[in-house]
Amino acid sequence: MSTSASEISARIVEAVMAQKLAPGSRLGEQQLAMLFDCSRTIVREALTRLAARGIVTVSARRGWFVIEPSQEEAREAFEARRVIELGLIRSTGSTGKIDKAALRQLKAHLQREKAALKESDVGNRSFLLGDFHVCLAECLGNTLLADTLRDFTARTTLIAMLYQSTHDAVQSCEDHVQIVAALERGDHAAAEALMAAHIGTVQSALRVQAPTDPLAQLRDALAPLQQNTAAKPRRRKAAASSPNDPDSSTYLGALL
């Protein structure tokens, strides 16, 4: 029995959250069809769904690729997660304590996180740390938002990979433990504050620096050298073919 489009898209999202698919990774239709033992039509359906969810993108001539989020998209993705997750915790606070079954599910997830931290499988660790937020949404009783969070979590995982997150996985797990503890004792205000701080810490750990000038690097590289300004224009022309002259065509060619 061949794999369905839903199963393929779910596997791709899991691979992204496990940091096994990097931003910009090419997703060939034929290769995926062979891998999942299905038709290219089913693969295309899966990829189209993921494109609608903002996980992959398609180029008419080059094919399908995992997205490479821009810095503005990074900011928006974290802001969306902040609104959704804090809103979920706040709305749960108005209905009372989280039920025991949900707490057991959350604690079981935390145990898997802690076990993953002791192992060498970085992919599994990354997936579980991200999936905690999806699990929390499900335990707080909103499966629709859990699906939305899964997509945003996948996108922020790509952002972390693209911008080289230095966030400590152990600290991330400890943040999750404290959030669940606050929910267990019915202190939703504390849980909300802890979640806000947690998301903020993860976001600030990304080395995202918006460039003020898109041509800055090239502009600096091609700026005239101070010692060769109008003082000796004739010498520059005469020595243009010298490989040792930093203003020679050879040097410019190396830059470009």
- request: Mind listing whichever residues of region 84-101 are at pLDDT below 85 and surrounded by fewer than 16 Cβ atoms within 10 Å (Cβ to Cβ)?
  value: SER94, THR95, GLY96, LYS97
query: Within the bounds of region 72-93, is there any residue that is outside any helix (DSSP H, G or I) and assigned by the TED database to the domain that holds ASP187?
result: no
task: May I ask you to list the residues in region 1-45 that are under 25 Å from LEU129 (Cα atoms) and in a helix (DSSP H, G or I)?
output: SER6, GLU7, ILE8, SER9, ALA10, ARG11, ILE12, VAL13, GLU14, ALA15, VAL16, MET17
- prompt: Do we have ALA18 as under 21 Å from ILE199 (Cβ atoms), in contact with a Ser or Thr (Cβ under 8 Å, 6 or more places away or on another chain) and not assigned by the TED database to the domain that holds LEU194 here?
  reply: yes
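Taking THR48 as the residue in question, decide whether it is modelled with pLDDT of 95 or more and open to solvent by 80 Å² or more (accessible area, probe 1.4 Å). Walk me through it before giving the result.
Details: modelled with pLDDT of 95 or more: yes; open to solvent by 80 Å² or more (accessible area, probe 1.4 Å): no.
No, not satisfied.
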Cross-chain or 6+ apart pairs with Cβ under 8 Å, region 140-158 first and within 13 Å of VAL56 (Cα to Cα), then among the acidic types (Asp, Glu): ARG155/GLU73; LEU158/GLU68
- line: Per the list (1) surrounded by 12 or more Cβ atoms within 10 Å (Cβ to Cβ); (2) in a loop (DSSP other than H, G, I, E, B); (3) outside the structural domain of THR153 (by the TED database), residue check on VAL58 breaks on (2)
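Is it the case that GLU7 is in contact with a Phe, Trp or Tyr (Cβ under 8 Å, 6 or more places away or on another chain) and either surrounded by fewer than 17 Cβ atoms within 10 Å (Cβ to Cβ) or of a type in the set (Gly, Ala, Ser) (or both)? Steps first, please.
Values: in contact with a Phe, Trp or Tyr (Cβ under 8 Å, 6 or more places away or on another chain): yes; either surrounded by fewer than 17 Cβ atoms within 10 Å (Cβ to Cβ) or of a type in the set (Gly, Ala, Ser) (or both): yes.
Taking the combined requirement at face value, the residue satisfies it.
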Pair list, Cβ < 7 Å and 6+ apart or interchain, from region 22-51 residues that are closer than 22 Å to ARG155 by Cβ to residues that are hydroxyl-bearing (Ser, Thr, Tyr) and surrounded by 13 or more Cβ atoms within 10 Å (Cβ to Cβ): ALA46/SER9; ARG49/SER9; LEU50/SER9; ALA51/THR57
query: Only one of GLU138, GLU174, GLU119 is outside any helix (DSSP H, G or I) and open to solvent by 50 Å² or more (accessible area, probe 1.4 Å); which?
result: GLU119
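If you check ALA154, ALA108, which single one turns out to be surrounded by 22 or more Cβ atoms within 10 Å (Cβ to Cβ), of a type in the set (A, V, I, L, M, F, W, C) and in a helix (DSSP H, G or I)?
On the way: ALA108 fails: surrounded by 22 or more Cβ atoms within 10 Å (Cβ to Cβ).
Testing whether each residue is surrounded by 22 or more Cβ atoms within 10 Å (Cβ to Cβ), of a type in the set (A, V, I, L, M, F, W, C) and in a helix (DSSP H, G or I) leaves just ALA154.
The values are calculated or read from the model by the stated rules, or taken from the named source; none is laboratory data. Values in this document were obtained by computation on a predicted structure and should not be read as measured data. FYI the Cβ positions are ideal-geometry reconstructions off the backbone, even for glycines, and counts take in every protein chain you see. Just so you know, the surface numbers come from the protein's heavy atoms only, side chains and all, with ligands and any DNA or RNA stripped out. Shrake-Rupley method; radii C 1.70, N 1.55, O 1.52, S 1.80 Å.
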